[in-house]
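First the structure, in the form of structure tokens, and then the observations on it.
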Ligand code: ADP
């Protein structure tokens, strides 16, 4: 029997727009489960074959190949369902960083039901670069420390990730101004997702 597709919202936006921050906040709300593909990769043992494969790409500012990424995501998600950490019947999956290419959209078709795409935007590139460099000081992420790697990631985003938006009809995309104060961004996201959650899921505390 085919497995049911996970009801999901996608957090979408260039590096530095605050997807991770907003995803963690949303994931703290009962009924939402935050999953970041970047965190999934960074949790790999750096000495393992998979971990080395990830670093080979990420340290250059490149995306990990699509099949490998989706295979790892599938196994990771399955593990979370089996351990009852993620309960798809009562939790809306908040996908942060995946699908990230048109190919990944295809590979994940049937596995996720995209209820809404939250498109976080900051028009000013210099502001994005400044945010990422600032994050490097606290995160210790090698891919945030080097400006040429940051610029490469922004270019990869423009070239490979922006086309993902074309997969979804305009009424499924919510534009969120991510240059606002974090609390204002939280408010705008909740305005979009709270009614969707109420419509699609039971009250997790009810
Ligand atoms: P950011 O959005 O700041 O680039 P992420 O934590 O989402 O940070 O991703 C860090 C790196 O992990 C990416 O540059 C890429 O190498 C890899 N990665 C994360 N998600 C994906 C994905 N869906 N497909 C391919 N590579 C990915």
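The values are calculated or read from the model by the stated rules, or taken from the named source; none is laboratory data. Owing to the predicted nature of the structure, the values given are computational and were not obtained by experimental measurement. Here the Cβ positions follow ideal geometry from the backbone for every residue, glycine too, while neighbour counts run over all protein chains shown.
Brief remarks on what is shown
Let's see how each residue does on (1) more than 23 Å from residue 162 (Cβ to Cβ); (2) over 17 Å from the mean Cα position of the chain (by Cα); (3) at pLDDT 95 or above:
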| site | (1), (2), (3) |
| --- | --- |
| 71 | yes, no, yes |
| 82 | yes, yes, yes |
| 92 | yes, no, yes |
| 104 | no, no, yes |
| 121 | no, no, yes |
| 125 | no, yes, no |
| 137 | yes, yes, no |
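Condition check ((1) closer than 30 Å to residue 184 by Cβ; (2) more than 10 Å from the ligand (Cβ to nearest atom); (3) buried (at least 20 other Cβ atoms within 10 Å of the Cβ)) across all residues:
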residue: 11; (1), (2), (3): yes, no, yes
residue: 69; (1), (2), (3): no, no, yes
residue: 85; (1), (2), (3): no, yes, no
residue: 96; (1), (2), (3): yes, no, yes
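- Failed condition for residue 60, given (1) at pLDDT 95 or above; (2) more than 16 Å from the chain's Cα centre (by Cα); (3) within 12 Å of the ligand (Cβ to nearest atom): (1)
- The set of residues from the range 144-200 being modelled with pLDDT of 95 or more, closer than 17 Å to residue 105 by Cβ and outside any helix (DSSP H, G or I) comprises just one member, 173.
- The set of residues in the range 163-188 being under 20 Å from residue 18 (Cα atoms), free of Cβ contacts under 8 Å to residues at least 24 places away in the same chain and exposed (fewer than 14 other Cβ atoms within 10 Å of the Cβ) consists of 181, 183, 184, 187.
- Exactly one residue out of 21, 77, 69 is in contact with a helix residue (DSSP H, G or I) (Cβ under 8 Å, 6 or more places away or on another chain) and in contact (Cβ under 8 Å) with a residue 40 or more places away in the chain: that is 21.
- Restricting the range 28-54 to residues that are buried (at least 17 other Cβ atoms within 10 Å of the Cβ) and part of a helix (DSSP H, G or I), the residue that is nearest to the ligand (Cβ to nearest atom) is 38.
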